[in-house]
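Heads up, the thing below is written out as structure tokens.
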Ligand SMILES: C[S@@+](CC[C@H](N)C(=O)[O-])C[C@H]1O[C@@H](n2cnc3c(N)ncnc32)[C@H](O)[C@@H]1O
């Protein structure tokens, strides 16, 4: 299946973020235990400055587990989990951005040494969450943080995740979704999918795609708390954007 034009644009954007390090995020220390905070603080500077702050998913009882991080970015969570699975566990990170994966690979040795392991217990590869290239039933746990909102093919993405998860495995997902249905023309707007560096853009991209979640999956138990990272009202912004009728120019101005 040909890659969606949205995915092409998203890859270009994240490759750009890798080079510019222009997403400023912070960890939310209150959500982490003292041990988890200490591990985060030991991440290399190269990784910390590319942490996108979508949240951190840190399951319990990780020792010896084989974990996959779908859309791992530069690997902040992979490195944290690689500490927590211990030397007998293994963590795989994958992402659509070849540049972020290149950065992640360059930091494997640093973290192996920081955790005191005799050999690396993590690896990274470039790929698309919509069609994962791993053996079926090969992971005990999957984590994914802020990625499915960017995948146009929700059904393919979730099916692919479940196919690589072992029977009885667990899937930890952190993402966002829309609180109302959006008109079809919003779904097909490349500009709205392409998150061009403005916070509110990111909300729009996730809203658009997350409405698919509501359409296609019965996710009634999704946490409905508003984002702690972004305070704009995305619907008000969306209405304004459409009323103005010239979305790209508007965002261009917002980016200046
Ligand atoms: C908001 S960032 C989150 C990164 C990381 N999970 C974190 O928590 O810091 C979204 C990530 O999803 C990746 N991504 C977007 N679409 C993807 C796809 N179809 N397959 C794999 N990764 C994708 C982007 O390249 C980016 O690294």
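Conditions first: (1) loosely packed, with under 15 Cβ neighbours inside 10 Å; (2) more than 13 Å from the ligand (Cβ to nearest atom); (3) within 20 Å of residue 104 (Cα to Cα). Residue 16 passes all but one, so which condition is the exception?
(2)
What pairs come out if I take residues in segment 83-98 that are touching a residue at least 60 places away in the same chain (Cβ under 8 Å) and pair them with residues that are assigned to a loop (DSSP other than H, G, I, E, B) whose C-beta lies under 8 Å away, six or more apart or interchain?
Partner pairs satisfying both residue conditions: 95/71; 95/72; 95/73; 95/127; 96/71; 96/127; 96/128; 97/73.
Among the candidates 80, 101, 39, which residue alone is more than 14 Å from the chain's Cα centre (by Cα), within 11 Å of the ligand (Cβ to nearest atom) and without any contact (Cβ under 8 Å) to a residue 60 or more places away in the chain?
80
Do we have residue 175 as within 12 Å of the ligand (Cβ to nearest atom), modelled with pLDDT of 55 or more and closer than 25 Å to residue 76 by Cα here?
Yes.
Residues 9, 2: which one is loosely packed, with under 12 Cβ neighbours inside 10 Å and out of contact with any strand residue (DSSP E or B) (no Cβ under 6 Å at 6 or more places or on another chain)?
Just one listed residue meets the conditions, 2.
Being touching a strand residue (DSSP E or B) at 6+ places or on another chain (Cβ under 8 Å) and more than 11 Å from the ligand (Cβ to nearest atom) is the filter here, so list the residues in segment 134-145 that pass it.
Correct list: 134, 137, 138, 139, 140, 141, 142.
Could you tell me which of the residues 122, 151, 72 is under 25 Å from residue 48 (Cα atoms) and more than 14 Å from the chain's Cα centre (by Cα)?
122
Got a sec? Which of 149, 122 is touching a strand residue (DSSP E or B) at 6+ places or on another chain (Cβ under 7 Å) and within 15 Å of the ligand (Cβ to nearest atom)?
It is 122.
The rows are residues; the columns are (1) buried (at least 16 other Cβ atoms within 10 Å of the Cβ); (2) at pLDDT 95 or above.
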{"position": "115", "(1), (2)": "yes, yes"}
{"position": "119", "(1), (2)": "no, yes"}
{"position": "148", "(1), (2)": "yes, no"}
{"position": "168", "(1), (2)": "no, no"}
{"position": "182", "(1), (2)": "yes, no"}
{"position": "186", "(1), (2)": "yes, no"}
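Just to verify a result, which residue in segment 56-67, among those that are over 12 Å from the mean Cα position of the chain (by Cα) and within 14 Å of residue 174 (Cα to Cα), is farthest from the ligand (Cβ to nearest atom)?
Filtering first and then ranking leaves 59.
Conditions first: (1) in a loop (DSSP other than H, G, I, E, B); (2) at pLDDT 95 or above. Residue 27 passes all but one, so which condition is the exception?
(2)
Within segment 152-172, restricting attention to residues that are more than 25 Å from residue 63 (Cβ to Cβ) and in a helix (DSSP H, G or I), which residue is nearest to the ligand (Cβ to nearest atom)?
If we take residues in segment 152-172 being more than 25 Å from residue 63 (Cβ to Cβ) and in a helix (DSSP H, G or I), then 157 is nearest to the ligand (Cβ to nearest atom).
The values are calculated or read from the model by the stated rules, or taken from the named source; none is laboratory data. It should be emphasised that the depicted structure is a prediction, and the values quoted were computed from it without experimental measurement. Note: ideal-geometry Cβ built from the backbone for every residue, glycine included; neighbour counts use all protein chains shown.
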